[in-house]
Amino acid sequence: MTITGTTRVFYILGDPVAQVRAPEVYNHLFQRHGIDAAMVPLKLPAAALTGFLDHGMKAENIGGFLATIPHKAALCERLQPADPVAQVAHAVNAVKRHADGRLEAALFDGIGFVKGLDHFGIAVAGKRVLVVGAGGGGHAVAAAIALRKPALLRVSNRARERAASLVARLQPLVGAAARVADSNDPAGYDLVVNCTSQGLKPDDPLPFDAARVDAGAAVVDIIMSKQPTALLRACRERGIQAEAGFEMLVQQIPEVVRFFGFDAIAGTLQADMSEVRSLLYPK
């Protein structure tokens, strides 16, 4: 990759930031498709975010940035995105700098998730869906599902008040279909999504009883590491369609590329996602 005086610069902000793979992925795509752009990581403490937005984004060759922990919620508060999924999740993970200096924010976790469902042939419209876990991932996933108009959308969380808070945010999108689940029992649903962290550790209990998943239902576990998780293995042993969360990352790449203004490369990637999968799926 050659950096020149005309190179558009993109960042990924986080603290910590050493674990991120975005520079590896996006710089490969920029170089592969002849885009004069580069992405670099910035280890930015939470206290420095306001100053960065006020001053660091003034440079005219900055195209925008991606954001990870701990900046997603603070960026949402500051930039007030129009994206309904970002509003429900109270988070953004991408910010674009327009030519006039204006900053536009969006969240792509949700669209990545539902496009992943499309890839796996898992329908949402008119279906019964249970989302287990009402953290940041659960908010984005549930909001994106709500926009697909399921017949039922139930949210389960160990702290019931957190599930209730999410449901209140979902109801403007899907009405009375969104409710707090009485339990994490997966029986009676067409799609069950694990949005908890249970499965990251070898001795974690399952987030719900895999033996109770209906025949013909589908399960998605958004945990990105330790795949296949114990949950997915238990479901697959029963012949249940059970998918990992990697596709959630894959499917948002063309959306982010388009958001940053590279429509041609976005179209090329969307037509054939094998290149992106080769970069993101575990070897």
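The residue of region 115-141 that is nearest to the chain's Cα centre (by Cα), among those that are in a helix (DSSP H, G or I) and surrounded by fewer than 20 Cβ atoms within 10 Å (Cβ to Cβ), is Gly136.
Against the numbered list (1) of a type outside the set (S, T, N, Q); (2) at pLDDT below 95; (3) in contact with a helix residue (DSSP H, G or I) (Cβ under 9 Å, 6 or more places away or on another chain), Ala82 comes up short only at (3). Looking only at residues of region 193-216 that are out of contact with any helix residue (DSSP H, G or I) (no Cβ under 9 Å at 6 or more places or on another chain) and of a type in the set (A, V, I, L, M, F, W, C), we find that the one that is surrounded by the most Cβ atoms within 10 Å (Cβ to Cβ) is Leu200.
Do the conditions hold for Ala234, that is, is it surrounded by fewer than 23 Cβ atoms within 10 Å (Cβ to Cβ), in a helix (DSSP H, G or I) and either at pLDDT below 95 or of a type in the set (Gly, Ala, Ser) (or both)? Criteria met by Ala234.
One line per residue, one yes/no per condition, for (1) modelled with pLDDT of 95 or more; (2) surrounded by 19 or more Cβ atoms within 10 Å (Cβ to Cβ); (3) among the charged types (D, E, K, R); (4) more than 18 Å from the chain's Cα centre (by Cα):
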{"site": "Leu13", "(1), (2), (3), (4)": "yes, yes, no, no"}
{"site": "Ala18", "(1), (2), (3), (4)": "no, no, no, yes"}
{"site": "Ala37", "(1), (2), (3), (4)": "yes, yes, no, yes"}
{"site": "Lys96", "(1), (2), (3), (4)": "yes, no, yes, no"}
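Summed over region 163-182, residues that are in contact with a Ser or Thr (Cβ under 8 Å, 6 or more places away or on another chain) and over 10 Å from Leu130 (Cβ atoms) total 2.
Of the residues Ala91, Ala67, Ala74, Ala86, the single one that is surrounded by fewer than 19 Cβ atoms within 10 Å (Cβ to Cβ) and free of Cβ contacts under 8 Å to residues at least 60 places away in the same chain is Ala74.
The values are calculated or read from the model by the stated rules, or taken from the named source; none is laboratory data. Every value quoted in this text rests on a predicted model; they were computed, and no experiment measured them. Quick reminder, even Gly has a Cβ in these numbers, built from the backbone with ideal geometry, and neighbours come from all protein chains shown.
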